[in-house]
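To start, the structure itself, in structure tokens.
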Amino acid sequence: MCGIIGIENNENASILASAGLITLQHRGEESAGITISGMKKMKTFKSMGLVSKIFNEKILLNKLPGTAAIGHVRYTTSSKSSLINAQPFQINCIHGNISVAHNGNITNFLKIKKKLLRKGAIFNHTSDTEILLHLIAMSKGDLADVIMNSLRKLRGAFSLVILKDKTLIGARDENGFRPLVLGKMGNSYIIASESAAVEVIGGKYIRDIKPAEIIIIEDGQIKKSFLYKAVRKKQNTCIFEQVYFSRPDSIMFSKTVKEVRVKMGEYLAQQMNGVKADVVIPVPDTGYFAALGFSKQSNMVFENGFVRNHYVGRSFIKPSQCLRDLTAKLKLRPIKEVIKGKKIVLVDDSIVRGTTSKKIIDMLKNSGVRKIHFALSCPPIISSCYYGIDTPSKEHLIAAKYSVDDIKKYLDVDGLTFLNLDNLIKSCCINGESNVFCTACFTGKYPTKVLKDTREESY
Ligand code: AMP
């Protein structure tokens, strides 16, 4: 998963891009990068690690002067996490210097890559985004034609920000899988994965970029906005963004993600009508708002039952088995006074592999909890995502292999309830419009053709 941002017509472009990336850090913690242009020659600075570690004042002010910038944060599965795949990707081609930052997963990239290889193209990266650079370099016409012709060849998920000189371009695939929003700050336009990034840097959210829309912005003006393809009948925006990925303060379909998560909790409580407990406890942080909704609907007391340590990063997780075992305990610690001797409803967003939940439940038991009913604010995840969420392959998804009853036994809880799909969709839908989401991870029904091996080299 990744986060992207672009800003134009602003002397502080690189500083604002880095602040936007910090706001989007939850979408990718492994590498970050910024391309700057508009003043001197286009330049890209990227590195592995967190945004705040990479972009200090010295780098932003001395190395990245300019008026237009795009930025990217990246999260991959371990083996493909390397600097070579860090974005933005900057190229020099017949159209000049162009830089691209991508969130999503191009599902037909292997097919296109093979064709390009046969024509003699050279690839430096292993990520799917690189094919877009080749398609851009080979396309003819003005900037709008070049981008349109290139995007028409792609399938799958792509939200993009592209920079050429001082022109900022935003684009979203025809399904609208990944979010992308337009914002304004004074005489500058901003494009970002989430509205929270626009607002944190001082901008105002205007609207979502539409599925299949290309928007070209220069000197604080929208020069052109058009659809590169006829609009599909059905939009397929990822529903898991609402469940887990996006920030609660971001706006999706005119509602904050927080509101939607509270609603999920309310429906969960309705599904569990009759279950009695002393206290409702969220798993921090993503279970928080669903637990709040649950408490509101059920009139059960809401309590914070954990202390979360915010200093445990992902990089700390990997090195050794000993550290891996310690990580869950370092990240979360139950507050004994809150849970001891109590019957609790524990609320989390999702179960993926089941390993985190198992550790959390074991910790609660060791701290003296009496009974646990585990409630999840989405249905069982039974299928991998091919559109940019890094769910593991099917054999590692606990709900793909085991029934709800077996998962309950494995977790050793007294009750286990998943929000059902109808209620999840009802929580998220806008103005009664429910047919706008991709729910493939819960149903196995993919809205596009997918080649199973695309997950190998993409993110
Ligand atoms: P587990 O069941 O051990 O795989 O962990 C599930 C937890 O990881 C969920 O409760 C989420 O908070 C979090 N999670 C869900 N999806 C993802 C993802 N794609 N990447 C990282 N963490 C995730």
Review point. By how many nm would the segment from LEU227 to LYS63 grow when fully extended, if each residue of separation counts as 0.36 nm and the alpha-carbon distance is taken off?
Key: 55.4 nm
**Study point:** From phi via Karplus (6.51, -1.76, 1.60), per-residue ³J(HN,Hα) for segment 305-311 in Hz, x at Gly/Pro
**Key:** x, 9, 9, 9, 8, 7, 9
Check your understanding: So what are the ³J(HN,Hα) numbers for segment 287-302, from phi and the Karplus equation (6.51, -1.76, 1.60; θ = phi - 60°), rounded to whole Hz, Gly and Pro as x?
Key -> x, 4, 6, 5, 5, 4, x, 4, 5, 4, 6, 9, 6, 8, 5, 9
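How much length, in nm to one decimal, is gained on full extension between LYS204 and VAL275, taken as 0.36 nm per residue of separation minus their Cα-Cα distance? Before the final figure, lay out the partial values.
Details: separation 71, 0.36 × 71 = 25.56 nm, distance 4.30 nm.
Extending this stretch completely gives an extra 21.3 nm.
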Point to revise | Candidate lysines - alpha carbon under 21 Å from LYS340, same-chain residues fewer than 8 apart omitted | key: LYS276, LYS329, LYS331, LYS358, LYS359, LYS365, LYS371
**Study point:** Those lysines that a straight Cα-Cα span of less than 17 Å connects to LYS204, excepting residues fewer than 8 apart in one chain
**Key:** LYS184, LYS255
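Run the numbers on the chain and let me know its relative contact order in percent, using alpha-carbon pairs under 8 Å that are six or more apart. Don't skip to the answer; put the middle values down first.
Numbers: 1072 pairs, mean separation 63.0, N = 459.
It comes to 14 percent, rounded to a whole number.
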Review point. Given labels modelled 7 Å from the Cα in the Cβ direction, how far is it in nm from LEU83 to ASP285?
Key: 2.9 nm
Point to revise | Within straight-line cross-link reach of LYS41, lysines at Cα separation under 17 Å, skipping those fewer than 8 residues along the same chain | key: LYS63, LYS164, LYS166
Practice item. Sticking with the crude label model, points 7 Å out along Cα→Cβ, report the distance from VAL312 to SER254 in nm, one decimal please. Key: 4.2 nm
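Highest first, please rank the peptides 375-386, 46-57 by the mean number of other Cβ atoms sitting within 10 Å of their residues. Don't skip to the answer; put the middle values down first.
On the way: 375-386: 23.5, 46-57: 16.8.
Ranking, from highest mean packing down: 375-386, 46-57.
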**Study point:** Cα-only Debye scattering, segment 250-437: base-10 log of I(q)/I(0) at q = 0.18 Å⁻¹
**Key:** -1.34
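Using the Cβ atoms and a cut-off under 10 Å, what net charge is assigned to the surroundings of ASN175, where Lys and Arg are +1 and Asp and Glu are -1?
On the way: positive: ARG155, ARG172, ARG178, ARG232, LYS234; negative: ASP173, GLU174.
Combined, the nearby Lys, Arg, Asp and Glu give +3.
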Check your understanding: Under 5 Å between amide H atoms, partner at least 5 residues away or on a different chain: which partners does LEU332 have, H built in plane at 1.01 Å?
Key -> ASN309
Check your understanding: Per the helix-only calculation at 222 nm, which mean residue ellipticity applies to the chain, given -39500 (n - 2.57) for every DSSP H run of n ≥ 4 and division by its residues, nearest 500 deg cm²/dmol?
Key -> -7500 deg cm²/dmol
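What's the FRET efficiency of LEU330 with LYS114 using the Cβ-Cβ distance as r and R₀ = 56 Å, to the nearest 0.05? Let's see the in-between values first.
Values: r = 45 Å, r/R0 = 0.80.
Calculated transfer efficiency: 0.80.
Computed from the coordinates by the stated procedures, all read-outs in this text should not be read as laboratory data. Treat the numbers as computed from the prediction; the structure is a model and nothing was measured. Neighbour counts are summed over all protein chains in view; Cβ atoms, including those assigned to glycine, are modelled from backbone coordinates with ideal geometry.
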